[in-house]
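Here the structure is laid out as structure tokens; the discussion comes afterwards.
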Amino acid sequence: MKQLILSGVNLALSQTARSTYTLFAGNTLDAIFAFLFTVFTFRLLTTADFGIFSALNNFVVLSFSILDVGIGSGLINFVSYHHQRGNHDKARQYFKAGLLLRATFASIFATLTISLSWLLAPKLFLTADYPAVMLAGIAILGLSILDVSTFTLQAYQKFIYSAGSSTSFSLIRL
């Protein structure tokens, strides 16, 4: 029994467990900031404006999640694999490729969103406020770049910086 408890303690204090705790704390903080942001926004806007804002916010989050197309997972797998084996040039190449792909996809989508904002605003979001849709396009681009940096920091096992990167958006938004 003592050996089992000792094994459990060693496992709970391992580097992998501590990294998991760090990412969990960052995600929890991110969720708290997102919740507070929603509460404050709801109190500041009318019900109709909050509905439009929520639709735009969900559009941004859904868009940047779809634009990932597995790039984040690829960065974590390939960058960390080559970094751990000391092949830093190859890791850097994968990072550059992931960043370029994600920036390209996000730029194309953001450009389309911005250029078609006059059409998307009344048809998709039921508002005449097309600058809000333009801002959503810009947010998609910014979040995509932030997302790449978060995944890359995880690949390089810089978990505190990764948690800070993922939490920074919610903190800035709040």
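The values are calculated or read from the model by the stated rules, or taken from the named source; none is laboratory data. None of the values given here were measured: they were computed from a predicted structure. Here the Cβ positions follow ideal geometry from the backbone for every residue, glycine too, while neighbour counts run over all protein chains shown. Note: areas computed on protein heavy atoms with side chains; ligands, DNA, RNA excluded. Shrake-Rupley method; radii C 1.70, N 1.55, O 1.52, S 1.80 Å.
Tell me which residues, restricted to the stretch 125-148, are part of a helix (DSSP H, G or I) and open to solvent by 40 Å² or more (accessible area, probe 1.4 Å). Show your work before the answer.
Going residue by residue through the stretch 125-148, those that are part of a helix (DSSP H, G or I) are 130-148.
Correct list: TYR130, PRO131, MET134, LEU135, ILE138, LEU141, GLY142, ILE145, LEU146.
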Condition first: touching a residue at least 12 places away in the same chain (Cβ under 8 Å) and not polar (S, T, N, Q). Can you find one or more residues in the stretch 38-52 that meet it? yes
The stretch 101-119: number of residues that are open to solvent by 90 Å² or more (accessible area, probe 1.4 Å) and at pLDDT below 95: 1
Regarding the stretch 125-137, can at least one residue be identified that is acidic (Asp, Glu), more than 14 Å from the chain's Cα centre (by Cα) and within 28 Å of PHE37 (Cβ to Cβ)? yes
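Can you say whether ALA110 is under 22 Å from the mean Cα position of the chain (by Cα), small (Gly, Ala, Ser), closer than 25 Å to LEU56 by Cα and assigned to a helix (DSSP H, G or I), as far as the supplied structure shows?
Values: under 22 Å from the mean Cα position of the chain (by Cα): yes; small (Gly, Ala, Ser): yes; closer than 25 Å to LEU56 by Cα: yes; assigned to a helix (DSSP H, G or I): yes.
Yes: the conditions hold for ALA110.
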Given (1) within 24 Å of ASP49 (Cβ to Cβ); (2) open to solvent by less than 40 Å² (accessible area, probe 1.4 Å); (3) of a type outside the set (D, E, K, R), where does PRO122 come up short, assuming only one miss? (2)
Out of the helices (runs of 4 or more DSSP H) lying entirely within the stretch 1-100, which hold 3 or more residues that are modelled with pLDDT under 85 and surrounded by fewer than 16 Cβ atoms within 10 Å (Cβ to Cβ)? 2-12, 15-44
